[in-house]
Amino acid sequence: MKLAEESFLTDDFLRQLINVGEVDIIVGLPTHNNAKTVGPIVHTIQSGILRGFPRERAVIINADGGSRDGTPKLVTGVSIDDVRPASNLRALRTLHSISTKYASSPASGVALRTILAAAELLRAKACLMMSPESVSIEPEWLSKLLRPIYNDGFDLVTPTYRRHKFEGLLITNFLYPMTRALYGLRIREAYAPEFGFSGRFGSHFLEQNVWNDGTEGSGVELRFTLAAITGRYLIGQSFLGEKDHIERSAAELVPVLRQTVGALFSALEADFPVWSAVAGSQLPPTTGADHEMLLDPLRVNRKRLREMFATGVAELESVFQSILSPSTLAELQRIARLGDEEFHYPAELWVRTVYEFAASYRKSVISRDHIIQALAPLFRGRVFTFLMENRNASADEVENNIEGLCLEFERLKPYLLQLWK
Amino acid sequence: MREMIISELSQALHEIARDFAHFLPRLIVMLILVLAGWAIAYAVKAILRSILRLIKFDKLSENAGASQLLAKAALPSATEVLSRFVFWVTLVGFILLGVRALGILGLQEQIAKFFVFLPRLFVAIFILFFGLLAASFFSRAALLAAVNANVPSPRVLSLALRTIIIVFVLSIVFEELGLAEQTMLVAFGIAFGALMLGLAIAFGMGGRDLARRFLERKFVRGKKEENEDELSPL
């Protein structure tokens, strides 16, 4: 038991952990006002443990960020007896559910740190982080994410999902291609709401200097995946099925960019010795499909996307002059003047834009948060082109386009290295 | 008569020689102070220049918008300007100390005033620099927020915020320097009031449609406007 963790966890939580004792499996559930969805999710988790791990000692740990809707009570109040009759299954060990309030406002970094510290104290062999918003969760998800760790010695298992071709556009147009090109591993969901990991890797990450680096734990899930790559831990992927669709408002794009783009740009500085030496990319061991796509028709206001791109390029010229090279800016200004039909934000220009943003972020040419915010209108322009290119495309054609973008990121990697010097 | 003249002349020459003998050490002290001051000022300039380069002061100045002002005035970089300024202030300080050592009565008071004014000058420069930095930072933050929220005329909003902050900073700087305090106070009041009135009229006139659309969206139940974020970015 480490002194740092002793002071970091509350006395009440430590008492609960001592009562639980050593366990084999921990399921971490970070929450904040999730009363509407958390009950069925805890039921499913319990059912998954009964089905997949009836002989193992397991605990569900809820790290709550100051819920006011009684979420923690719902987590600890769900009885396993409700699960047993339906599934006709019996656990041979007691299944505990405990809860702690880590702060009065949500912070994903602190929640993960709490669960990692608990996992280390309880000497858990395999751990799982679950999202309280994953309404499409199935009991099998637990086995799919935990079994490779518990039985096969994997250290991190990330999920892959069946998604609509126009869902997760930041992942398909930025996160997946860039992490793949720079770190050399084709992890589809490097920033996932649910993932499994070994106690060994959890302890390693707990000692990393990511908790007090000024980012307040923003995007820590992505840093977690990148730490597994740079630490040469064994990483796998597991196909879970359809990912639920949660509507997001326009205001949420910038916070999402901070959590993903900001976290990746921030990690690039520390990981330079690793990613600068990587060439090409490999597919990690994957159970099931590494992706699946839904092609249902979807109505999207594409015009607004292009307008916001054009407005952004015009209004933020002075900001872009500090971030982008004159040739990239000139090209963006040229395409910003094009109409809906002629508009095209090519993959090469998008990659150059992203790499120049990454280099400017490293050099802090202006406030780093402002650099991240400035990427939002350009991302909208890229999304517009992606939607136009793939509006009538089949799943294979969409996948080919994504693969083309990934290869462009890999091809232009020397450009980033050149900018980095 | 002749002897008297010779005696007076001799006495006058003696007095001059005595005064000069009294003055000469002071002059030497002054020259030593000026020379030492030059050496110290030069050393201070070199050290300051190294520190400013180390902390990337030019980049900070660029962010503050000060570099652009300097470039327009055909002046060197902010690091160079500040180091040269500190060199001359230090050298002038030592020259004045030297002059004070000469013991010329009329100059004493003026020199004392200069040394009292010096800290205020530094504080004013400090306020001006960080004020410009704050104006640049907050106006850019407003510009980015407005663009990402799709607010009409984001540059006007950003410029208005920048102007307000700069006017406010300048009024503090002039007050700190003690220059025409009353005039500055009145001028600031008029400028600030005019600016606020202008903004109120501009927002009132220009924002009618915006306010109507906002109220319609808020209270009139109709078809939900579709937007790109119905597509989850993650």
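The values are calculated or read from the model by the stated rules, or taken from the named source; none is laboratory data. Being a predicted model, the structure only gives us computed values, none of them experimental. In this analysis, Cβ positions are derived from the backbone assuming ideal geometry, glycine residues included, and neighbour counts consider all displayed protein chains.
Using the structure shown, decide if residue B:197 is out of contact with any helix residue (DSSP H, G or I) (no Cβ under 9 Å at 6 or more places or on another chain) and under 30 Å from residue A:318 (Cα atoms).
Judged against the criteria, residue B:197 is a match.
If we keep just the residues of region B:140-156 that are more than 9 Å from chain A (Cβ to nearest Cβ) and under 17 Å from residue A:254 (Cβ atoms), which is surrounded by the fewest Cβ atoms within 10 Å (Cβ to Cβ)?
Per the criteria, the residue is B:151.
Condition check: at the interface with chain B (Cβ under 10 Å from one of its Cβ atoms) and either part of a loop (DSSP other than H, G, I, E, B) or modelled with pLDDT under 95 (or both). Does residue A:341 satisfy that? Let's see the steps before the verdict.
On the way: at the interface with chain B (Cβ under 10 Å from one of its Cβ atoms): no; either part of a loop (DSSP other than H, G, I, E, B) or modelled with pLDDT under 95 (or both): yes.
The answer is no for residue A:341.
Scan region A:357-374 residue by residue and report those that are over 25 Å from residue B:158 (Cα atoms) and crowded, with 19+ Cβ neighbours inside 10 Å.
Within region A:357-374, A:358, A:359 qualify.
Checking the conditions here, which among A:300, A:313, A:319 is hydrophobic (A, V, I, L, M, F, W, C), more than 30 Å from residue A:157 (Cα to Cα), within 13 Å of chain B (Cβ to nearest Cβ) and in a loop (DSSP other than H, G, I, E, B)? Quick ask: steps written out before the conclusion?
Details: A:313 fails: in a loop (DSSP other than H, G, I, E, B); A:319 fails: in a loop (DSSP other than H, G, I, E, B).
The conditions single out A:300.
All but one of (1) over 30 Å from residue A:360 (Cβ atoms); (2) in contact (Cβ under 8 Å) with a residue 24 or more places away in the chain hold for residue B:66, so report the exception by its number.
All conditions pass for residue B:66, except number (1).
Looking at region A:203-213, can you tell me whether even one residue there is small (Gly, Ala, Ser), farther than 21 Å from residue A:127 by Cβ, in the same structural domain as residue A:261 (by TED's automatic domain parsing) and touching a residue at least 24 places away in the same chain (Cβ under 8 Å)?
No, region A:203-213 has no match at all.
Residues that are closer than 30 Å to residue A:252 by Cα, at pLDDT 85 or above and surrounded by 13 or more Cβ atoms within 10 Å (Cβ to Cβ): does region B:165-173 have at least one?
yes
With A:289, A:263, A:277, A:267 as the choices, which residue is among the small types (Gly, Ala, Ser), within 23 Å of residue A:407 (Cα to Cα) and free of Cβ contacts under 8 Å to residues at least 40 places away in the same chain?
A:277
Mind listing just one residue for me: the one in region A:377-401 that is aliphatic (A, V, I, L, M) and surrounded by fewer than 21 Cβ atoms within 10 Å (Cβ to Cβ) and, of those, nearest to the other protein chains (Cβ to nearest Cβ)? Before the answer, list the steps.
Taking region A:377-401 first, the residues aliphatic (A, V, I, L, M) are A:378, A:383, A:387-388, A:393, A:395, A:398.
Filter once more, keeping what is surrounded by fewer than 21 Cβ atoms within 10 Å (Cβ to Cβ): A:387-388, A:393, A:395, A:398.
Values: A:387: 8, A:388: 13, A:393: 15, A:395: 17, A:398: 14 Å.
Across region A:377-401, the extreme among qualifying residues is A:387.
Residue under question is residue B:185, and the condition is that it be part of a helix (DSSP H, G or I), in contact (Cβ under 8 Å) with a residue 60 or more places away in the chain, away from chain A (no Cβ under 14 Å) and closer than 28 Å to residue B:116 by Cα; does it hold?
no
Determine which single condition residue A:349 fails, assuming it passes every other condition in (1) without any contact (Cβ under 8 Å) to a residue 24 or more places away in the chain; (2) touching a Ser or Thr at 6+ places or on another chain (Cβ under 9 Å); (3) not in a helix (DSSP H, G or I).
The one condition residue A:349 does not meet is (3).
I need the full set of residues from region A:180-225 which are within 12 Å of the chain's Cα centre (by Cα) and in a helix (DSSP H, G or I), in order please.
Start the filter on region A:180-225 by keeping residues that are within 12 Å of the chain's Cα centre (by Cα), which leaves A:187-195, A:218-225.
Hits for region A:180-225 are A:220, A:221, A:222, A:223, A:224, A:225.
Residue check, residue B:75 against (1) part of a loop (DSSP other than H, G, I, E, B); (2) within 14 Å of another protein chain (Cβ to nearest Cβ), all met but one. Which one?
Here residue B:75 meets the rest and fails (2).
Tell me yes or no: at least one residue of region B:115-128 is closer than 22 Å to residue B:27 by Cβ and of a type outside the set (Val, Ile, Thr).
There is at least one residue in region B:115-128 that is closer than 22 Å to residue B:27 by Cβ and of a type outside the set (Val, Ile, Thr).
Going by what's in this entry, would residue B:135 be described as within 14 Å of chain A (Cβ to nearest Cβ), in a helix (DSSP H, G or I) and surrounded by 18 or more Cβ atoms within 10 Å (Cβ to Cβ)?
Yes, satisfied.
Can you find a residue in region B:159-178 that is under 24 Å from residue A:381 (Cβ atoms) and within 14 Å of chain A (Cβ to nearest Cβ)? Reasoning before the result, please.
Let us first name the residues in region B:159-178 that are under 24 Å from residue A:381 (Cβ atoms), namely none.
Looking for residues that are under 24 Å from residue A:381 (Cβ atoms) and within 14 Å of chain A (Cβ to nearest Cβ), one finds none in region B:159-178, hence no.
Could you list, in sequence order, all residues of region A:338-348 that are closer than 16 Å to residue A:174 by Cβ and surrounded by fewer than 21 Cβ atoms within 10 Å (Cβ to Cβ)?
A:346, A:348
Condition (residue is part of a loop (DSSP other than H, G, I, E, B), of a type in the set (A, V, I, L, M, F, W, C), in contact with a Lys or Arg (Cβ under 6 Å, 6 or more places away or on another chain) and surrounded by fewer than 14 Cβ atoms within 10 Å (Cβ to Cβ)) applied to region A:266-282: is it met by at least one residue?
no
Are any residues in region A:13-55 buried (at least 19 other Cβ atoms within 10 Å of the Cβ) and outside any helix (DSSP H, G or I), and if so, which ones?
A:23, A:24, A:25, A:26, A:27, A:28, A:29, A:30, A:31, A:32, A:34, A:53
Give B:97, B:91, B:132, B:159 a once-over and let me know the one that is in the same structural domain as residue B:172 (by TED's automatic domain parsing) and more than 20 Å from residue B:177 (Cβ to Cβ).
Residue meeting the stated conditions: B:159.
When you go through B:210, B:199 one by one, which is the residue that is modelled with pLDDT of 70 or more and either away from chain A (no Cβ under 14 Å) or exposed (fewer than 11 other Cβ atoms within 10 Å of the Cβ) (or both)? Steps first, answer last, please.
On the way: B:210 fails: modelled with pLDDT of 70 or more.
The match here is B:199.
Being more than 23 Å from residue A:417 (Cα to Cα) and at pLDDT 95 or above is true for just one of A:334, A:304. Which residue is that? Lay out the reasoning, then the answer.
Values: A:304 fails: at pLDDT 95 or above.
Just a single option satisfies the conditions, and that option is A:334.
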